[in-house]
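Each value in this text was obtained by applying a stated rule to the coordinates, not by laboratory testing. Just so we're clear, the structure is a prediction, and the values are computed from it rather than from any experiment. Positions of Cβ are backbone-derived with ideal geometry, glycine not excepted, and every protein chain shown enters the neighbour counts.
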Amino acid sequence: MRAPSFRWHAATSLADAARALAAGGPRALLLGGGTDVVPAIKRRQYVPELLISLRQVAELGRLEPHGASLRIGAGVRLGALAADDRLGVGHTALRRAAGVVASPHIRNVATLGGNLCLDTRCNYYNQSLEWRRAVDYCMKAPAGVALAAPAGGTCWVAPGSPRCWAVSQTDCAPALIALGASVTLVSAEGQRTLPLADLYRDDGMTWLTRRPDELLAWVDVPAAARSTYWKLRRRGSFDFPVLGVAAAVELAGDVVTAARVVLGAVASHPVVVPTESLLGRPLGDDAIAAFAELATRLAKPLDNTDYQLGWRKRVTRAYVVGALRELRGDDPALLGVLARRQAALIPA
Amino acid sequence: MPPQPQPPQPPTAGSKVVLTLTVNGEAAEVAFEPHKTLLEVLREDLALTGTKHGCELGECGACAVLVDGKPVLSCLMLALECGGASVTTVEGLARGAQLDPLQDAFADLGAAQCGYCTPGILVTARALLDQHPAPTRPQIEEALAGNLCRCTGYLSIYQAVEQAARKAR
């Protein structure tokens, strides 16, 4: 499986990358670690005219305190991030999420920015060109190549639907949204900063609010007193999440004063669950159960990833309960088989 | 916008680009078509066929090599990204006729059956032992979590890594 020809530009600075992206037009593509972009190029989901390598852009590799937050460059490798001592207990959710992406080999190359911009995925889209041709392609990539907006074609997951239901399967986005992160996008015109949740759109085709001439430069990550990330996948390695639950809470004594819970892989965007019902009271069993019921109602998985659809929705409840019980201090060993599996998957 | 100076780009030779990198400890200058992955350049332009084509999509680990000491998947890395890098393939593990302790242990314990995953596993385990000379079983499992083996069931592979670590001490 060969990549097609393309022009190449090795950017030397953020400004240089932004200039090249603006000049390159709609068929210019940014290359961070390339672990998702290169397979997509081989499968002709992307056919770039120009590839802009970000490898030599030193600004993207920085990781440093910024006020009370941690500023993490988009080019920081996931494996290095998960092992970095500057991520303290306040960034547990991010450390765990970065540490369970794909496999160790991929984490040695894949970048945080790439994981945050990860293309939405679907059983009808992440296939070879021949497979997709055999089903007459889908709405996300009619005639083979992914488009930014619908131009005909059928969504094979929901054939009557006018929209694409491909799934957001980034691990790091739910974790960072739960921690309250903001993201800075840079273009030749300037830069803008927005809450990370606002980077995402509930649309399998136009899943980011990033403009085509913008590149994700860094995230600012506040610390949270307690946070965690639970990931469901068939195997303990390689697989994208079919469910991710990120949670962060602040407690005064045992009373919850702030909480953020975000679901991954149950929609085309990370789903932020309203947490009002958790505030001003302890994380008791009843409060957790009621909240998990709410979260499960918001999870709208479709039949386009691994595992059975109905089970994926049901397991959302168990994962939300487990994550919140972990945050209130329950012994993970007592959280049942799902929690034990989580504990085994999370690097120490 | 005023004209901007162009950053240095790899020199081209016809339709090929020329890069200098270190392969198995020796400097190598190689010309290749710019769309090639590191895997394709290693096998086709440098005749190092020990590294295997597997899934070519990052889902198996057969193509693992070390780049600057870290295990990576050569099928996902464009060779253009490797200028100046130090690459170690399975051919670089032995010292002359003397096999790496890992290779001896894999042969002793039957940790290679069909052998297709073996080069990727050997270099990945070499990186582990370079960093952790006495790894625990969970550390070995985690380090090799990106290498699929459909023959052995992994147990003999883990035991071989442990044996190589013991003998090196």
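Annotations
- Average beta-carbon neighbours from other chains, 10 Å sphere, peptide B:25-37: 2
- Per-residue HN-Hα couplings for region B:103-112 [Karplus 6.51, -1.76, 1.60; θ = phi - 60°; Hz; x = Gly/Pro]: 5, 4, 5, 5, 5, 4, 9, x, 7, 10
- Cβ-based charge dipole, region A:1-53, positive-most Cα from A:ALA28, A:HIS9, A:VAL47: A:VAL47
- Residue with peak Gaussian network fluctuation, chain A [Cα springs, cutoff 10 Å], from A:ALA68, A:ALA22, A:ALA299: A:ALA68
- Size descriptors for region A:231-345, from the alpha-carbon set: Rg then Dmax equal 13.9, 43 Å.
- Peptide-level mean, for A:6-15, of C-beta atoms on other protein chains within 10 Å: 3
- GNM result for chain A, Cα springs below 10 Å: residue of A:GLY264, A:GLY284, A:GLY34 fluctuating most strongly: A:GLY284
- Amide hydrogen neighbours beyond the local backbone of A:GLY33, cut-off 5 Å, H modeled: A:THR111, A:GLY114
- Over 19 Å between alpha carbons, listed pairs A:LYS231/A:LYS313; A:LYS42/A:LYS140; A:LYS42/B:LYS70; B:LYS16/B:LYS36; A:LYS42/A:LYS300; A:LYS231/B:LYS70: A:LYS42/B:LYS70; A:LYS42/A:LYS300; A:LYS231/B:LYS70
- Percent RCO, i.e. relative contact order, over region B:49-130, from Cα pairs under 8 Å lying at least 6 residues apart: 37
- Cα gyration tensor shape of chain B, rounded if a/c is under 1.5, else prolate or oblate by comparing a/b with b/c: prolate
- Debye, to nearest 20: dipole size of region A:1-53, +1 on Lys, Arg Cβ, -1 on Asp, Glu Cβ: 240
- Over region A:180-292: Rg over Rh, Cα atoms, Kirkwood Rh: 1.03
- Ranking of A:VAL76, A:VAL183 by neighbouring Cβ atoms within 10 Å, starting from the fewest: A:VAL76, A:VAL183.
- Per-residue 3J(HN,Hα) values for region A:276-293, derived from phi via the Karplus relation 6.51 cos²θ - 1.76 cosθ + 1.60 with θ = phi - 60°, read 3, 5, 8, 7, x, 8, x, 7, x, 4, 5, 5, 5, 5, 5, 5, 5, 5 Hz in sequence order (x marks Gly and Pro).
- P(r) tail, region B:101-168: Cα-Cα pairs separated by more than 17 Å, 28% of all pairs.
- Scattering from the protein assembly as shown was approximated by placing one identical point on each alpha carbon and applying the Debye formula without solvent; log10 I(q)/I(0) at 0.09, 0.13 1/Å stands at -0.66, -1.36.
- Of the peptides B:72-83, A:84-95, the order by per-residue mean of other Cβ atoms within 10 Å, starting with the highest, comes out as B:72-83, A:84-95.
- Distant-in-sequence amide H partners of A:TRP218 (H built 1.01 Å from N, under 5 Å): A:ALA74, A:THR184
- Cα-based equivalent ellipsoid of region A:1-84: semi-axis lengths in Å, sorted from largest, via gyration tensor: 27, 16, 9
- Per residue of peptide B:55-67, the mean number of Cβ atoms on other chains within 10 Å of the residue Cβ is 4.
- Ratio of Rg to Rh over region B:12-92 (Cα coordinates, Kirkwood Rh, two decimals): 0.93
- Placed amide H near A:LEU251: partners under 5 Å, 5+ positions off or other chain: A:THR257
- Normalising the average separation of contacting C-alpha pairs (under 8 angstrom, six or more residues apart) by the number of residues puts the relative contact order of chain A at 15 percent.
- Residues in region A:12-24 carry Karplus couplings, in order, of 10, 7, 4, 5, 5, 5, 5, 4, 5, 5, 5, 6, x Hz; the curve used is 6.51 cos²θ - 1.76 cosθ + 1.60 with θ = phi - 60°, and Gly or Pro positions show x.
- Considering only B:LEU109, B:LEU39, B:LEU129, and ranking their Cα positions along the charge dipole of chain B that arises from unit charges at the beta-carbon of Lys, Arg, Asp and Glu, the one farthest toward the positive end is B:LEU109.
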